[in-house]
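Nothing in this text is a laboratory measurement; each read-out follows from the coordinates by a stated rule. As the structure is a computational prediction, the values presented were derived from the model and not from experiment. Using ideal geometry, Cβ is built from the backbone for each residue, glycine included, and neighbour counts are taken over all protein chains shown.
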Amino acid sequence: MAIRERLSGNEAVAYAIKQINPDVMPAFPITPSTEIPQYVANYIANGEIDTEFIHVESEHSAMSAAIGACAAGARTVTATSSCGMALMWEELYVAASDRLPVVLALVNRALTGPININADHSDSMGARDAGWIQIYAESNQEVYDNFLQAYPIAEHKDVHLPVMICQDGFITSHGVENIMLVEDDKAKAFVGEYCPEHYLLNAKEPMAVGPYAVSNYYMETKRAQRQAMLNAKRVILDVAKKYEEMTGRKYGFFEEYRMEDAEYAVVIIGSAAGTCKAAVDHIRETTGKKVGLVKIRVFRPFPEEELAKVLKNLKAAAVLDRSEMFSATSGPLGAEVRAALYSAKAEIELVNYFYGLGGRDITVGDFEKIFDNLEEIAQTHEIRDMYAYIGLREGDCHGNSL
């Protein structure tokens, strides 16, 4: 029988790591992910797991050690946030190009500057093209479930790519929720043992990892990474199906909330989806307007065709980004959704807004305004401002607030 518990998101990730019992965890503390290696270190000290914890001097060293351990044949995990991930930047590309199934617990936090320790997605979105699979969570339950699914995805023979399991800093990482845990034996059996086919410590197969690639080979390496990312789409769904059979909890590339008859929708990532769901319920109950939500779970590989199929018959949709790209027209998620709809030859009205930067709150009332604006856009076919910020203080800077 599943175990009912009350855990923060960080505790939930650490508990999943305990159940998996990976071989190696190099880590360096940074708010708000510090608790994850702290909890794991306690499990090790108490003799509950035998993971080798490596104390390193920086996040760059943490990912370097993770790469070395994984290349040697060890199941490897680490955790970080914000500027810690920025310090790993070089090594993120190395891990992906070397096809190493490292799992990273990323607690999303705004990148400096100015200095800020609260949630937005600038860290993970900044690394969106590094070649890592990216899976996001709305709740503590989801981050736990996502983490148990990470290794079966990363280590699959057709994938062999690193995976980033993302959750919003402080909102889920430190907030406590009721969640259901899988029994230890079932969790262990689901994840399975790591039995790499090729690894540095295999004396029978001398090999190099990450050698210099001349022009005749570099492009083929990138094409192979791309194929692995395409393969990951099938594997992600296969693993999710097996997880549903074990737990009853269903996952896919995204969640559709009240989209069966929706005419207007919000597309969003992360914890703010919960607030949007409350707004959708309130609007439908009080006005009868047909509104809905699409919550993106898997950002890499991006589910372009699947998402376009869900959105293409709407009258209007708003894509909400929790990070800046400093493009003239969109944020990271907005650019992906727009490209998906263009490829599908969809003619719906699409607008992109920015919210929650540096931890700024977004409310049910904000979402109600967004849906009102979508209705107006659908009627007039005019988008007054594609680059509006939600909740921006008027007069503090140049720019518009919705």
Estimate the FRET efficiency between ARG234 and SER327 by the formula 1/(1 + (r/R0)^6), using the beta-carbon distance for r and 30 Å for R0, to the nearest 0.05.
0.45
Dividing the helical contributions, -39500 (n - 2.57) per DSSP H run of n ≥ 4, by the residues of the chain yields a 222 nm value, nearest 500 deg cm²/dmol, of -13000 deg cm²/dmol
Pick from LYS18, LYS315, LYS345 the residue whose mean-square fluctuation is largest in a GNM of the chain, springs joining Cα atoms under 10 Å.
LYS345
Rounded, prolate or oblate: which fits the range 272-402 when a ≥ b ≥ c are the square roots of the eigenvalues of the alpha-carbon gyration tensor, with rounded for a/c under 1.5 and prolate only if a/b beats b/c?
rounded
Among GLY274, VAL176, TYR218, which residue has its Cα positioned farthest towards the positive end of the charge dipole of the range 159-275, with +1 placed on the Cβ of Lys and Arg, -1 on the Cβ of Asp and Glu, and the dipole taken about the Cα centre?
TYR218
Checking ALA86, ALA137, ALA208 against a Gaussian network model of the chain (alpha-carbon springs below 10 Å), the top fluctuating residue turns out to be ALA208
Nearest 20 debye, what's the magnitude of the dipole of the range 3-247 about its Cα centre given +1 on Lys and Arg Cβ and -1 on Asp and Glu Cβ?
600
State the antiparallel share, in %, of DSSP beta bridges confined to the chain, rounding to the nearest 5.
25
Extension gain from ASP184 to ASP129, taking 0.36 nm per residue of separation minus the Cα-Cα distance
16.3 nm
Here the percent of antiparallel bridges among DSSP beta bridges lying wholly in the range 239-301, to the nearest 5, is 40
Rounded, prolate or oblate: which fits the range 228-338, taking a ≥ b ≥ c as square roots of the Cα gyration tensor eigenvalues, rounded meaning a/c under 1.5, else prolate when a/b beats b/c?
oblate
So ALA339 and GLU193, fully extended at 0.36 nm per residue minus their Cα-Cα distance, gain in nm 48.7 nm
Would you mind pulling out the separation of the Cα centroids of the range 69-132 and the range 16-45, in Å?
15
Separation in nanometres of the label points that stand 7 Å from Cα toward Cβ, at GLU244 and TYR387
4.1
How high is the FRET efficiency from ASN216 to THR286, r the C-beta distance, R0 56 Å, rounded to 0.05?
0.30
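What dipole magnitude, in Debye to the nearest 20, does the range 254-380 give about its Cα centre under +1 on Lys/Arg Cβ and -1 on Asp/Glu Cβ?
The dipole of the range 254-380 has a size of about 200 debye.
For the range 145-214, what is the charge dipole size about the Cα centre, in debye to the nearest 20, if Lys and Arg each add +1 at the Cβ and Asp and Glu each add -1 at the Cβ?
260
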Give the residue list of GluC sites (Glu not before Pro) in the range 143-209 that are DSSP loop and have at most 11 other beta-carbon atoms within 10 angstrom.
GLU193, GLU197
If you keep only loop residues by DSSP, which chymotrypsin sites (Phe, Trp or Tyr not before Pro) in the range 130-166 have at most 14 other Cβ atoms within 10 Å of their Cβ?
none
Hand me the trypsin sites (Lys or Arg not before Pro) from the range 211-313 located in a DSSP loop with no more than 12 other Cβ atoms within 10 Å, in residue order please.
LYS250
Could you identify which residue out of PRO114, PRO22, PRO37 has the top mean-square fluctuation in a GNM of the chain using Cα springs shorter than 10 Å?
PRO114
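Let's test the formula: R0 of 45 Å, r as the Cβ-Cβ distance of ALA208 and ILE115. What FRET efficiency results, to the nearest 0.05? Write down the numbers at each step before the final one.
Details: r = 41 Å, r/R0 = 0.91.
Rounded to the nearest 0.05, the efficiency is 0.65.
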